[in-house]
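**Q** A single structure is presented below for examination.
The values are calculated or read from the model by the stated rules, or taken from the named source; none is laboratory data. What you are looking at is a predicted structure, and each value in this text was computed from that prediction instead of being measured. Please note: Cβ atoms are built from the backbone with ideal geometry, for glycine as well, and neighbour counts cover all protein chains shown.
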Amino acid sequence: MDEEKQKQVSFYLSAYRKELKDQTRQYQRWIEQVNKRMEDGDSSMTAIQRYKDKLSEAQRLLDLACPESEDFIEYMTNQTEMLERQQSNQSRRMESCLKDAEEKKKRLEEYTQKQREERRAERQTKYQIQRETDRYFSIQETLPPYIRDNLKTMPYNKGYVFRGVWYFGTKPLGRHDNPNLLTMIDRQGGNLYIHEYKKGEYHKVFEKKNKEAQVLIREERLDR
């Protein structure tokens, strides 16, 4: 192997190992977080086992990481192919600009910039959707059983706020339920907050400690 090739392999091997180390640290943090929630009774063995499996796989790949590793060879091949595609695309764009007249070049650059922004916006949108979807299912896995049970007996204008996600009751409104009134329970640490929304009128926040009566701590008017 010539010197230039050795430098290339060394560069990609370092990057490959770094990615795997970052993955192991991330999975370890997730496992610690799930373990903490399990101590509080807010998680399940399914979530922690999944992260443990991912951690074991990342650690296995890290232990086997070397120039002869099939996984590393595949990683390096993908990286070099992606770099070649980027360089090829860049070269084609440059040739096109050189061949075109100044006005056509200007229009092409404007078009290319627009396409790039649209692709970037599309990627960002997909990333945001995927991230929020993953976050929702992660929260769903840790939803306490008592909340699940209570929601089955609540009308749909009442519910809980858990880790930023709103969960509504599943039963229809009763004869005496106000369809314009929404009540949400939000437990933060040792404090219990009750949010009351009346359509077009107000948003009130009550705080309830232990068995004490709830106390109004904030109120704001809502636009009609």
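**Q** Could you list, ordered by first residue, the pairs with Cβ atoms under 7 Å in which the first is in region 178-190 and under 15 Å from residue 203 (Cα atoms) and the second is small (Gly, Ala, Ser) and crowded, with 18+ Cβ neighbours inside 10 Å, at least 6 apart or interchain?
**A** Listed pairs, sorted by first residue: 184/159.
**Q** If residue 200 passes every condition in (1) part of a loop (DSSP other than H, G, I, E, B); (2) exposed (fewer than 11 other Cβ atoms within 10 Å of the Cβ); (3) at pLDDT 90 or above but one, which one does it miss?
**A** (3) is the only condition that residue 200 fails.
**Q** Still on this structure, please answer the following. Test residue 186 against the stated conditions and say whether it is more than 21 Å from the chain's Cα centre (by Cα), assigned to a strand (DSSP E or B) and either of a type in the set (Ser, Thr, Tyr) or within 30 Å of residue 222 (Cα to Cα) (or both).
**A** On the way: more than 21 Å from the chain's Cα centre (by Cα): yes; assigned to a strand (DSSP E or B): yes; either of a type in the set (Ser, Thr, Tyr) or within 30 Å of residue 222 (Cα to Cα) (or both): yes.
It is true that residue 186 is more than 21 Å from the chain's Cα centre (by Cα), assigned to a strand (DSSP E or B) and either of a type in the set (Ser, Thr, Tyr) or within 30 Å of residue 222 (Cα to Cα) (or both).
**Q** When the residues of region 115-158 are filtered to those that are in contact (Cβ under 8 Å) with a residue 40 or more places away in the chain and among the hydroxyl-bearing types (Ser, Thr, Tyr), which remaining residue is surrounded by the most Cβ atoms within 10 Å (Cβ to Cβ)?
**A** Top of the filtered list is 142.
**Q** Does residue 153 satisfy being in a loop (DSSP other than H, G, I, E, B) and at pLDDT 90 or above?
**A** Working: in a loop (DSSP other than H, G, I, E, B): yes; at pLDDT 90 or above: yes.
Judged against the criteria, residue 153 is a match.
**Q** Also, quick follow-up: Out of 108, 62, 83, report the one residue that is part of a helix (DSSP H, G or I), surrounded by 12 or more Cβ atoms within 10 Å (Cβ to Cβ), in the same structural domain as residue 31 (by TED's automatic domain parsing) and modelled with pLDDT of 80 or more.
**A** 108
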